[in-house]
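The values are calculated or read from the model by the stated rules, or taken from the named source; none is laboratory data. Quantities reported herein were computed from a predicted structural model and do not represent experimental measurements. Counting neighbours? That spans all protein chains shown, and the Cβs are built from the backbone with ideal geometry, glycine included.
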Amino acid sequence: MKQSFSILLLVAVSSFLGSFLGSAVNIALPQIEKDFLLNSIQLSWIVTAFLLSTAMFLLPVGKLGDVVGIKLIFKIGLVIFSIASLLCALSFSGMQLIIFRFLQGIGAAFVSTTGPAILVSEFPPQKRGRVLGISVSAVYLGLALGPIIGGVITFYLGWKTLFYLSAAVGTIILFPAFSVLKTNANEDVKTVNYNKQTFRNVIFFLIGLPLLIYSTTQFPKIYGWILFITGLSLLCFYIFLEKNSEFPAFEVKLFFKNRIYLFSNLAALINYSATFAIIFMLSLYLQKTKHLSPREAGMILVFQPAIMAIFSPITGRISDKVQPRYPASLGMLLCSAGLLGFSFLNETSSTVFIIAFLVIVGLGIALFSSPNMNTIMSSVSKQYYGQASGTAATMRVLGQIFSMTVVAIFFGVFFGKTAVSQIENEIFLRAGKFIFLILSFICIIGIILSFYRGKLER
C-alpha cells in the first residue's frame, strides 16, 4: 500500500511539473517576444515546438514502454526533461529556445505516456477513476499555480527562472523515481510482441506530422499546400502500414473493433483542440489589450485551472459509479458555452465577465477529462495499457497542436509577420472573435461523440 501511494505521488508530481511549466510559459510569452524580438508566428512556435515533439513521440514511446517497461521509460523521460529545461534557460535566441523546447517535449512524451499506465497497473479497477482523477488534478493544479507563480517569477526574476526552476525540480524527483520505480524480470517488461518493422513504420509518422503542422504556417502559399499534402499522405500511409502490420506500434485495429475506445479518443482530441488556446489567447489579451502585468494576468487566469484541480478528483470518483459519458458530455457542453462567451470579448470587458467564463470552462474540462480517461483505460485489456495511455496522450497533444494551429492561421491572416505587441487592439480582438467561435463549434461535435460512444462494461 505504501509503495502504491509513493508511485501515485511520484506520477502526480511529474504531471504537476509539466503542466506548471506550460501555463507559466504562456504568461511569459510577451516578455519572451520582447527579449528575442519575435513576430507573432515565431512566438506561437515557443508553444507549438514543445507540443509537436510531444505528439511525435507519444505513440512510439507507448509501444516502447510495453516492450521494455513503462517504468524505465518514465525515468528516462524525467532525465531528458530536466536537461532540456536547463538548456531552455541558457538560450540566447528565439531559435535556440524553440529547439530546446522541442527537446523538452520529447522528455514530456516519455513521462506523460507512461504515467497513467503505471497507475492503472498498480491499482485495482475499482480505484482507477480515483487515482487517475488525482493525477489529472495534479495536472490542473500545475495549470492553476502556473499563471500565479509564473507571473510573479516573470515579473520579478525574468522568464528564464521558470526553466531553471523546472530543471531543479525535475532533478530532485529523479532520486525517488529510481528508488520507487523498480522493475523485476516478471513485471512490466515485454507485455506485447514486436519486430523491427514495428518501429520502422513510425518513421513515416515522425516525418509526416511535423510537415503537416509546419505547412499550416505557410498558407496560402503553394509551398504550404505541397507540404500539407505530403505530410497528410505520409500519415495516411503510416496508418495503412499499421493496420496491416502483425506487430504495430499504433494499434489501429483497436479503433475499428472498439467503438467506445474510438469515440473516447476522438472526444479527447476535440476537447483539447477547443480549449487549449484559451489561456494562450487570454494571456495576450490581458497583457496587450487590458495592459495588465504578468502577475496581474496570472491572478485572473488562475480561476480556470483552479476549478479543474478542485473538481477533477470528484468527477473521477463519479465516473467509477455512473456511466462516464454522462458527466463527460455535460462537460463538453459547458466548454462550448464558455468559448462562445469569450468570442464577445472587447476592450471594456470586465474582470468578472472573464472570470465567469473561465469558471464555466474549468468546470467543463473537469467534468470531461477524468471520466473520459477512465473510459479509455477501462475499455482495453492490460496488455494494451501502455498503448492506450500513449494514444490518449497523443490525442491530447494533437488537440493542443490543432488549437495552436487555428491560432497561428488567424494570426497569419490578420497580423502577417508583425509582432503581437504592435497590432492594433481592434484587429487583435477581431482575430480572437473568429478563433473562439470556431473552437466553440468544434466542441459541439465533441458533445455528439462523447454522448454516443456507448455503454462502458466495467
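Going through the range 77-99 one residue at a time, which ones are farther than 29 Å from residue 178 by Cβ and buried (at least 17 other Cβ atoms within 10 Å of the Cβ)? Listed by number, the residues that qualify are 94, 97, 98. Scanning the range 233-268 for residues that are within 24 Å of residue 200 (Cβ to Cβ) and among the basic types (Lys, Arg), we see that the one that is modelled with the lowest pLDDT is 253. Any idea which residue in the range 20-51 is surrounded by the most Cβ atoms within 10 Å (Cβ to Cβ), counting only those that are more than 21 Å from residue 213 (Cβ to Cβ) and in contact with a Phe, Trp or Tyr (Cβ under 7 Å, 6 or more places away or on another chain)? Applying the filter and picking the extreme gives 28.
For the range 104-118, the criterion of being over 18 Å from residue 16 (Cα atoms), in contact (Cβ under 8 Å) with a residue 40 or more places away in the chain and in a helix (DSSP H, G or I) is met by no residue.
I'd like to check which helices (runs of 4 or more DSSP H) are fully inside the range 261-355 and have at least 3 residues that are free of Cβ contacts under 8 Å to residues at least 60 places away in the same chain, surrounded by 18 or more Cβ atoms within 10 Å (Cβ to Cβ) and not assigned by TED's automatic domain parsing to the domain that holds residue 401. Counting at least 3 such residues, we get no helices (runs of 4 or more DSSP H) at all. Comparison of 47, 61, 25, 68 shows that the only residue that is among the aliphatic types (A, V, I, L, M) and either at pLDDT below 75 or touching a strand residue (DSSP E or B) at 6+ places or on another chain (Cβ under 8 Å) (or both) is 68.
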